[in-house]
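Read the structure below first, then the notes.
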Amino acid sequence: MENYFRIIPKVDKLLEDERLAFLSKNYSRTNMLSAINEVTNEIRELIKEYNLSEDRELEKKLQARFQTLKEDIEEKFFKILSPNFKKVINATGTILHTNLGRAPLGKDILKKLSDKLAGYTNLEYDLKSGKRGERYDAFSSLICKITGAEAALAVNNNAAAVMLILNTLAKDKEVVVSRGELVEIGGKFRVPDVLRASGAKLVEVGTTNKTHLRDYKEALSEETAAILKVHTSNYDIIGFTENVETKEIKENLKETLLIEDLGSGVLIDLSKYGLKHEPTVQESIKNGVDVVCFSGDKLLGGPQAGIIIGKKEYIDKIKKNQLTRAFRIDKFTSATLELILLEYLKEDKLLENIPVLKMITRSYEDVKIATKKFVNKLRRSDKISESFKIEEIDTDAQIGGGSLPSELIRSRGVLLSRKNMSVNTLEEKLRQLEIPIVARIVDNKLLLDFRTIFNEEIAYIISSLEDLA
Ligand SMILES: *Cc1c(COP(=O)(O)O)cnc(C)c1O
């Protein structure tokens, strides 16, 4: 075995190779050493698998490895340099795909951002007075204008927002929540657990399917800090149900602090576009909710954030909490939120400029035309039409991200299968591309749903399929 180890070329020897030396000198010596290490370690592991001093099979394998040694090192070298965080093409038809980064921001917003963020910014600097400002100033007046709230701030995400609100306004006191609203959102966000972690005490009222106003009333005591309403954004309770609206709670229990976790944070009325009505942030404020929180990267279509709005006296208290410092947003989020909210003021362009809203409201006919064009292009390629079976079909796209769970959006897509290749292999090959294409498998075929594919991505998909043909 020792003998085999000895025939692995030493680093110095390998660096005598012209190509490897060039890469090491002109890009990064550290990386070259890592690449050499990784490849030679693989060979060491291979030798260790054979516990003998001599073996024909091992020798054959080693010979093969040595033959491609330099190419393998070069490949590793570039792999280390290429980012793991990639642009991907979302062909799943799920618009707010949590694993694919939820709301896409769109190129226009990013262009504006890159100009602003390359250098210094006035993140916490009041240009009028020349004194320290607040990092929420950029967007807080906008969100107040849009929603009718008195004050606003934003933290890292909505989970942090809920935690912070409860910790500030209900620590060591009781918070009343309906049993129908003790939800779990993906990624371990569970209302009872977050509540406990914030230091508040949970008082459950009502039942899973029915909670009445009198249930809330009976639960109130000296110890009550607030009633918390949670939008059951990722499931529906249907059938024999009853739920008390925030408006009714506020009208009847004026003295009690009312907090609402809206989850998705939609600012427009989706029922205008044929979807189910999702409670808007504006309605929450209008109903008299004292503090409302929601995500920035769900139906709002912006950056990851937890936006907290409501009555000024409570928002001011929250801003003073030490935890706010721990959860605070950075300049990227602050700038992006402002840019996204500015789009909401240009009402006629709104749907065009916020990708999430554009994809949700895009007509079925429009998706169908895009799909048809794509299929025509595929059929015109001899290579593709020879090796792929192509079918156009109706699909059900969905909003995802725990929003409007029972709402399917009529959509259109393409089913692909390749001769002599399993659908799993095809799916994997598309996933391994330089720009990965993430698709679904349906009926043992690959489905590309066109609702979530951007027009400028189509050429890349076609040329990738050509390579696979
Ligand atoms: C999504 C969601 C959350 C968590 O929001 P994040 O921004 O992902 O932290 C909390 N509450 C509700 C009701 C939600 O829908």
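Where a number appears in this text, it was derived from the coordinates with a stated rule and is not lab data. Worth saying up front: this structure is predicted, and the values here are computed from it rather than measured. Here the Cβ is made from the backbone with ideal geometry for all residues, glycine too, and neighbour counts use every protein chain on show.
So, with +1 on the Cβ of K and R and -1 on the Cβ of D and E, and no other charges, what is the size of the charge dipole of the chain about its Cα centre, to the nearest 20 debye?
820 debye
Filter Lys13/Lys61; Lys419/Lys445; Lys188/Lys229; Lys319/Lys349; Lys173/Lys317; Lys131/Lys286 down to the pairs with a C-alpha to C-alpha distance above 23 Å, please.
Lys319/Lys349; Lys131/Lys286
Whose amide H sits under 5 Å from the amide H of Ile89, counting only residues 5 or more places off or on another chain, with H placed in the peptide plane?
When sequence neighbours closer than 5 places are left aside, the close amide H contacts are Ile437, Val438.
Please work out how much length the chain gains when fully extended from Asn122 to Asn252, using 0.36 nm per residue of separation minus the C-alpha to C-alpha distance, in nm with one decimal.
Net length gain for the segment: 42.4 nm.
Name the residue farthest towards the positive end of the dipole of the chain from the options Asn37, Val289, Ile259, assuming +1 on Cβ of Lys and Arg, -1 on Cβ of Asp and Glu, about the Cα centre.
Asn37
Using DSSP to define loop residues, name the trypsin sites (Lys or Arg not before Pro) in region 405-459 whose beta-carbon has at most 10 other beta-carbon atoms within 10 Å.
Of the trypsin sites (Lys or Arg not before Pro), the ones in loops of region 405-459 whose Cβ has at most 10 other Cβ atoms within 10 Å are Lys419.
What order do you get for Thr371, Thr452 when you list them from fewest to most C-beta neighbours inside 10 Å?
Thr371, Thr452
Explain nothing, just the number: relative contact order of region 276-368, from Cα pairs under 8 Å at least 6 residues apart, as a whole percent.
For region 276-368, the relative contact order is 22 percent.
If amide H atoms are built 1.01 Å from N in the plane of the peptide, which residues on other chains or at least 5 residues away come under 5 Å of the amide H of Thr395?
Ser411, Arg412, Gly413
Hand me the chymotrypsin sites (Phe, Trp or Tyr not before Pro) from region 195-281 located in a DSSP loop with no more than 10 other Cβ atoms within 10 Å, in residue order please. Mind dumping the intermediate values first?
On the way: sites: Tyr216, Tyr235, Phe240, Tyr273; in loops: Tyr235, Phe240.
When the chymotrypsin sites (Phe, Trp or Tyr not before Pro) of region 195-281 are filtered for loop state and at most 10 Cβ neighbours within 10 Å, Phe240 remain.
Can you compute the charge dipole magnitude of region 1-141 about its Cα centre, using +1 on each Lys and Arg Cβ and -1 on each Asp and Glu Cβ, nothing else charged? Give it in debye, rounded to the nearest 20.
My answer is approximately 760 debye.
Can you list residues whose amide H is under 5 Å from Lys210's amide H, if they're 5+ apart or on another chain and H is modeled 1.01 Å from N?
Amide H neighbours of Lys210: Glu242.
So how tilted is helix 29-49 from the main axis of the chain? Cα-based, degrees 0 to 90, rounded to 10.
Taking the Cα atoms of the chain, the angle to 29-49 is about 70 degrees.
If you plug each phi of region 68-79 into the Karplus form 6.51 cos²θ - 1.76 cosθ + 1.60 with θ = phi - 60°, what whole-Hz ³J(HN,Hα) values come out, in order, with x for Gly and Pro?
Working through the residues one at a time gives 9, 3, 5, 5, 4, 5, 4, 4, 4, 4, 6, 5 Hz.
Over 26 Å between Cα atoms, which of Lys112/Lys429; Lys201/Lys276; Lys111/Lys331 qualify?
Violating the 26 Å Cα-Cα cut-off are Lys112/Lys429; Lys201/Lys276.
Measure nothing fancy, just the Cα-based angle from helix 56-67's long axis to the longest principal axis of the chain, in degrees from 0 to 90, nearest 10.
Taking the Cα atoms of the chain, the angle to 56-67 is about 80 degrees.
Could you run the Karplus curve 6.51 cos²θ - 1.76 cosθ + 1.60 with θ = phi - 60° over region 344-349 and give me ³J(HN,Hα) per residue in whole Hz, x for Gly and Pro?
Taking θ as phi minus 60°, the curve returns 5, 7, 8, 3, 5, 9 Hz for region 344-349.
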